[in-house]
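The values are calculated or read from the model by the stated rules, or taken from the named source; none is laboratory data. Quantities reported herein were computed from a predicted structural model and do not represent experimental measurements. A quick note on method: Cβ atoms are made from the backbone with ideal geometry, for glycine too, and the neighbour counts reach across all protein chains shown. Just the protein is used for accessible areas: all its heavy atoms, side chains included, with ligands, DNA and RNA removed. Shrake-Rupley method; radii C 1.70, N 1.55, O 1.52, S 1.80 Å.
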Amino acid sequence: MYKKIVALVLGMSLSLMTFSACGSDENAAQATVTEESIPASGEQSNEGEYVTTTLSTDEANILVYYPVPNQEDESSLNLTCTAPVFLVFGNEEYTDELADTWAKETGLYSIAAENGSSICFVNPVDATYSDKNEQMYMDIADLIDDSSSDERSNGISSAVDYMTGDTIQKITGTSQRVYVYGIDEGADYVANNLLTKLVKTVYYEPTVGIDTNVSIAAASLEGLSDVSQLANNDLPIVSIGNTDEVNQKLKEACSSVLVDESVDYVEDYNSVVGTVRRQNGVIIPMIDYEAEGIVESIESYTVTTSEDNAGTYAGTDSHPVNVVVYYDSTLDVEEGEVPLVLCFHGGGNTALYEAEATQWPLIGKENGFITVSVDSHFPDCSATEIVDLIEQIEEKYSIDKTRIYASGFSMGGVKSWDLFEQYPEVFAGLAPMDASADLGTDSWGNAVTDANSDIIVPVFYVGGETSPLPELPCQAERLIDRVNYVFSVNDVVADYTEVEFDAQDSWINPIWGIDGDSSYTVMDDEYFTDSTLTVQLFKSSDGNTYTALASASNQSHEVYARNSWAAWDFLSKFVRNEDGSISIVE
């Protein structure tokens with residue numbers, strides 16, 4: 001069942017929640033597949049060019065050093081939401097030349113280039129750290145851009161300030177992987193200000209803000225002498241060339257400390273610094289796919305553009321769809337007839353991040369299926385084009401056509417609902433999460449014609465109880481409409497037509513309006529222990545249960561891996577037979 005958990009807070013505006021996906025075009029393009037290798041981490045090179053940009057706050061000038069060539073430019077995938085942000089708090093004023101020398105001598109040049117990242121050198125105003133506190137870092141954290149939908153060039157994103165509407169320059173990368181390097185006075189600043197819990201309010205709309213933990217994920221400290229303000233923390237630390245007394249203080253305060261006598265930033269990144277990320281304030285290990293024995297393959301397919309595509313490729317004949325394919329290295333994907341799970345990311349997110357955060361590749365390894373994480377499905381792909389993609393994947397891999405499933409978060413959840421409405425016969429089960437478009441509209445807000453009305457599709461839906469966006473019936477009437485629709489299609493016995501949004505005071509169940517025929521809970525026993533997933537099960541008239549509606553306490557607009565594990569536990573027993581019927585295999 002549930003083994004591990006990862007949570008993701010995704011920057012997404014309310015406007016993205018009102019869109020949807022597709023129509024139909026029966027002329028599928030022939031498979032055109034290209035593959036990229038996943039770059040190995042830490043292959044050091046002292047060669048290469050660079051581009052620099054300076055961004056300024058009230059207390060610091062940040063020299064953003066961007067190695068060229070860079071995976072951000074060369075990969076067919078969006079790397080934004082997995083790209084680390086390297087922050088250097090040094091002991092000198094960094095010029096372009098000094099930054100270049102430091103980056104290449106330490107080997108961080110290659111690591112940043114391989115990960116689609118920049119190295120950000122912090123030059124304090126007045127060239128001193130003596131009067132600086134955590135606010136200097138908080139202002140820098142405001143400049144980190146997590147959204148894959150923003151325009152990017154040379155490590156700089158052009159992002160919209162939702163409060164003012166202005167376009168501002170930000171640092172490309174994810175705030176969940178902020179790795180800090182402190183040297184001498186810079187190390188003292190980091191130790192006394194950044195090794196603690198740091199929270200800011202992130203605004204998704206002028207009136208919608210979420211308090212977000214922006215604490216760093218790991219730190220390397222060299223030449224540290226002042227630990228007078230060191231706080232207890234959960235951080236992994238690399239201590240380089242520091243005294244026994246300083247190291248003892250670090251070990252008493254920090255989660256883990258690796259003591260090095262000399263600098264080896266590449267090894268330290270591979271073994272400590274780059275192995276974790278912070279999500280929702282919690283330090284969580286990065287998935288090491290190679291160590292897990294999981295194949296990770298970047299692939300590109302070409303699909304025929306459907307007539308109802310109202311997104312990026314509207315009006316074109318065909319377009320690429322880039323994906324990441326994951327499967328256990330011992331799985332027979334050529335002749336084994338294995339199940340397939342597609343996953344769809346949120347509106348400002350990426351395929352790489354969706355796979356990491358949901359842990360579908362780990363679930364696939366344990367349960368013997370292929371995971372395909374689709375990049376830029378919104379705004380690029382219609383539901384018809386996703387089905388085209390599936391047909392091409394079936395040509396490359398030995399897929400069990402009776403066991404095809406899909407799941408998605410936020411706009412990926414909307415995409416999953418599109419598939420429920422438009423191509424129900426393809427799927428043995430769907431797990432939309434944390435979103436629904438208005439009933440009868442697709443991902444772009446277009447009307448859906450001939451929507452599914454009677455083909456049962458097993459559904460496992462999840463919504464966050466504390467989300468500021470509409471995910472549950474208690475939060476928005478559109479979810480009441482969605483539940484009524486699912487109950488009708490899946491021939492659920494319980495009557496949902498009497499549930500009214502304005503009558504919540506009389507609801508039997510404060511989340512759904514009515515209770516399921518049965519229910520159960522799923523807990524996270526490792527990371528997010530304060531969140532409980534409560535699953536309501538609803539029987540259909542044939543006596544079987546195809547419909548599971550779940551709510552997660554203390555979950556905002558986030559994706560928890562626990563929810564994916566729970567979804568698979570429910571959906572895995574369903575098979576779509578050749579005649580279109582659903583069978584249950586216990």
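Restrict the search to segment 420-522; then list the GluC sites (Glu not before Pro) that DSSP places in a loop and that have at most 10 other Cβ atoms within 10 Å of their Cβ.
GLU498
Once phi is turned into θ = phi - 60°, what whole-Hz ³J(HN,Hα) does the Karplus curve with 6.51, -1.76 and 1.60 give for every residue of segment 501-511, x standing for Gly and Pro?
Computed from phi, the couplings for segment 501-511 are 4, 7, 10, 4, 4, 9, 5, 5, 10, x, 9 Hz.
Using R₀ = 45 Å, calculate the FRET efficiency as 1/(1 + (r/R₀)^6) where r is the Cβ-Cβ separation of ALA314 and GLU477; round to 0.05.
Approximately 0.90, to the nearest 0.05.
Quick check: pseudo-label points 7 Å beyond the Cα along Cα→Cβ at TYR520 and GLU292, how many nm apart are they?
Roughly 2.3 nm, to one decimal.
Sketch the reach of a paramagnetic label on ASP450 as a point 7 Å from Cα along Cα-to-Cβ, and name the residues of segment 542-586 whose backbone nitrogen lies under 13 Å away.
Taking a point 7 Å out along Cα→Cβ of ASP450, no residue of segment 542-586 has its backbone N under 13 Å.
Treat every Asp and Glu Cβ in the chain as -1 and every Lys and Arg Cβ as +1, leave all other atoms uncharged, and give the resulting dipole magnitude about the Cα centre to the nearest 20 debye.
Computed about the Cα centre, the dipole is about 1080 debye.
Given +1 on the Cβ of Lys and Arg, -1 on the Cβ of Asp and Glu, and no further charges, what dipole in debye does segment 396-455 carry about its Cα centre, rounded to the nearest 20?
Magnitude of the dipole: close to 360 debye.
Would segment 332-430 count as rounded, prolate or oblate if I go by the C-alpha gyration tensor, calling it rounded below 1.5 in a/c and otherwise prolate when a/b exceeds b/c, oblate otherwise?
oblate
Please work out which option in (i) 71, 55, 46; (ii) 111, 48, 36; (iii) 118, 54, 48 gives Cα extents along the principal axes in Å calculated from these coordinates, and answer with its label.
(i)
Counting alpha carbon pairs within less than 8 Å and at least 6 residues apart, what relative contact order, in whole percent, applies to segment 283-417?
With pairs under 8 Å counted, the relative contact order is 31 percent.
Long-range amide H contacts for TYR50: which residues qualify at under 5 Å (H placed 1.01 Å from N, peptide plane, sequence gap of 5 or more or a different chain)?
It is VAL68, by chain and number.
Could you work out the relative contact order of the chain? I mean the mean sequence separation of Cα pairs under 8 Å and 6+ apart, divided by the number of residues, in percent.
In percent, rounded to a whole number, it is 16.
Write down the percent of antiparallel bridges among all DSSP beta bridges whose residues are both part of segment 112-232, to the nearest 5.
Here the antiparallel bridges make up roughly 65 percent for segment 112-232.
Which lysines, if any, have their Cα less than 30 Å from the Cα of LYS132, not counting same-chain residues under 8 positions apart?
LYS104, LYS170, LYS197, LYS200, LYS249, LYS251
Taking +1 at the Cβ of each Lys and Arg and -1 at the Cβ of each Asp and Glu, which of GLN555, GLY543, ALA567 sits farthest along the dipole of segment 489-586 towards its positive end, judged by Cα position relative to the Cα centre?
The Cα lying farthest towards the positive end belongs to ALA567.
Restricting attention to segment 292-398, which chymotrypsin sites (Phe, Trp or Tyr not before Pro) occupy a DSSP loop and are surrounded by at most 12 other Cβ atoms within 10 Å?
For chymotrypsin sites (Phe, Trp or Tyr not before Pro) across segment 292-398 that sit outside H, G, I, E and B with at most 12 neighbouring Cβ atoms in 10 Å, the list is empty.
Shape verdict for segment 345-400, please, from the Cα gyration tensor: rounded (a/c under 1.5), prolate (a/b greater than b/c) or oblate.
Taking the square roots of the gyration eigenvalues as a ≥ b ≥ c, segment 345-400 is oblate.
Can you give me the distance in nm between label points at GLU394 and SER271, each placed 7 Å from the Cα along the Cα-to-Cβ direction?
4.9 nm
Report the antiparallel proportion of the DSSP beta bridges in the chain as a percent, rounded to a multiple of 5.
60 percent
Using θ = phi - 60° and the Karplus curve 6.51 cos²θ - 1.76 cosθ + 1.60, what whole-Hz ³J(HN,Hα) does each residue of segment 173-184 get, with Gly and Pro shown as x?
x, 9, 6, 7, 10, 8, 10, 10, 10, x, 10, 6
Given H placed 1.01 Å from N in the peptide plane, which residues other than close sequence neighbours of THR174 have an amide H under 5 Å from its amide H?
Counting only residues 5 or more places away or on other chains, the set is ALA83, VAL85.
Could you please put LEU331, LEU549 in sequence from largest to smallest accessible area, using a 1.4 Å probe?
Sorted by accessible area, descending: LEU331, LEU549.
Heavy atoms only, probe 1.4 Å: what % of the accessible area of the chain goes to carbon and sulfur, would you let me know?
Carbon plus sulfur share of accessible area: 43 percent.
Can you pull the accessible area of LYS251 for me, 1.4 Å probe, Å² to the nearest 10?
Only protein atoms counted, so the area is about 110 Å².
Along Cα→Cβ, 7 Å out, is where each label goes; now give me the distance between the ones at ASP211 and GLU335 in nm to one decimal.
The answer from the label model is 6.0 nm.
Quick query: amide H of ASN446 versus all other amide H atoms, modeled in the peptide plane; which residues come in under 5 Å with a sequence gap of 5 or more or a different chain?
For ASN446, whose amide H was placed from the backbone, the distant partners under 5 Å are SER20.
Quick one: Karplus J couplings for segment 329-346, per residue in order, coefficients 6.51, -1.76, 1.60, θ = phi - 60°, nearest Hz, x for Gly and Pro?
5, 8, 6, 7, 9, 9, 9, x, 6, 9, x, 10, 10, 9, 10, 10, 7, x
Just subtract the alpha-carbon distance of ASN91 and ASN61 from 0.36 nm times their residue separation and send over the number in nm, one decimal.
9.4 nm
Once you have a ≥ b ≥ c as the square roots of the Cα gyration tensor eigenvalues for segment 101-167, tell me rounded if a/c is under 1.5, and otherwise prolate or oblate according to whether a/b is larger than b/c.
The shape class here is oblate.
Counting Lys and Arg as +1 and Asp and Glu as -1, each charge on the Cβ, what is the dipole of segment 82-207 about the Cα centre in debye, to the nearest 20?
Computed about the Cα centre, the dipole is about 480 debye.
Once you keep just the Cα pairs under 8 angstrom separated by 6 or more residues, what percentage relative contact order results for segment 127-174? Spell out each step's value before the answer.
Details: 49 pairs, mean separation 16.2, N = 48.
Computed over segment 127-174, the figure is 34 percent.
State in Å² the accessible area per residue of segment 157-305; use a 1.4 Å probe, count heavy atoms of protein chains only, and round to the nearest integer. Please list the in-between numbers first.
Numbers: 5950 Å² over 149 residues.
Normalised by residue count, the accessible surface of segment 157-305 is 40 Å².
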